[in-house]
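The values are calculated or read from the model by the stated rules, or taken from the named source; none is laboratory data. All figures in this text were calculated on a predicted structure; none of them were measured in a lab. Glycine also receives a Cβ, built like all others from the backbone with ideal geometry; neighbour counts cover every protein chain displayed. We work out accessible area using only protein heavy atoms, side chains counted, and drop any ligands, DNA or RNA first. Shrake-Rupley method; radii C 1.70, N 1.55, O 1.52, S 1.80 Å.
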Amino acid sequence: CVCRPKGQHLALRTRNTVCLPEKGQDMEHHRGRPAEPAPDSLYTKWFDYDKIINCVKIRTRLQGDYLTINSDMGRKSLKDYLIDHKIPKEERNSIFVVADGSHIMWVIGLRISEYYKVTDKTRKILEISVKER
């Protein structure tokens, strides 16, 4: 298990487990095109792998982060999203996200970006699961 050093970013690689010691959780991920439908879970999400531009990272928020909030590809800053969902100010910097550069793919435990959602045109899927240790 590769642990995420405090205050640093960690790139995902296929068939890895990433420990998030501050949260007491493990994150697993793999690529492929499973035959079964996407899981209905807050802590397991599928993403359209071919839409990923940069190296996917697990981190806390940074200035300039945003997510796509609707099918028209409308954007909202991560800061505004967290405020709109009444996340207390003192908790916002400790929430983990899965990011493709500044584009937030997943606010873990809350929502994924519309841009990365799996569609009938998706060829490869990246599945990420967060599990309690």
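For segment 45-72, the set of residues classified as part of a loop (DSSP other than H, G, I, E, B), charged (D, E, K, R) and modelled with pLDDT of 90 or more consists of R61, D65, listed by residue number.
Among the residues of segment 47-57, what is the count of those that are open to solvent by 50 Å² or more (accessible area, probe 1.4 Å) and among the aromatic types (F, W, Y)?
The first filter runs over segment 47-57 and keeps only residues open to solvent by 50 Å² or more (accessible area, probe 1.4 Å), leaving 49-51, 53-55, 57.
Among the residues that remain, those that are also among the aromatic types (F, W, Y) are: 49.
Qualifying residue count, segment 47-57: 1.
Residues in segment 89-117 that are open to solvent by 50 Å² or more (accessible area, probe 1.4 Å) and over 17 Å from V130 (Cα atoms): K89, E90, E91, N93, S102, Y115, K117. Number of residues in segment 58-76 that are open to solvent by 20 Å² or more (accessible area, probe 1.4 Å) and either in contact with a His (Cβ under 7 Å, 6 or more places away or on another chain) or closer than 12 Å to V107 by Cβ (or both): the value is 5. Of everything in segment 39-57, what is closer than 18 Å to G109 by Cβ and among the basic types (K, R)? Give them in sequence order. Of everything in segment 39-57, those that are closer than 18 Å to G109 by Cβ and among the basic types (K, R) turn out to be K45, K57. For segment 73-114, enumerate the residues that are over 11 Å from R61 (Cα atoms), within 9 Å of the chain's Cα centre (by Cα) and not in a loop (DSSP other than H, G, I, E, B). Listed by number, the residues that qualify are D100, M105, W106, R111, I112. Just one of the numbered conditions (1) modelled with pLDDT of 50 or more; (2) hydroxyl-bearing (S, T, Y); (3) touching a Lys or Arg at 6+ places or on another chain (Cβ under 6 Å); (4) surrounded by fewer than 11 Cβ atoms within 10 Å (Cβ to Cβ) is not true of S41: (3).
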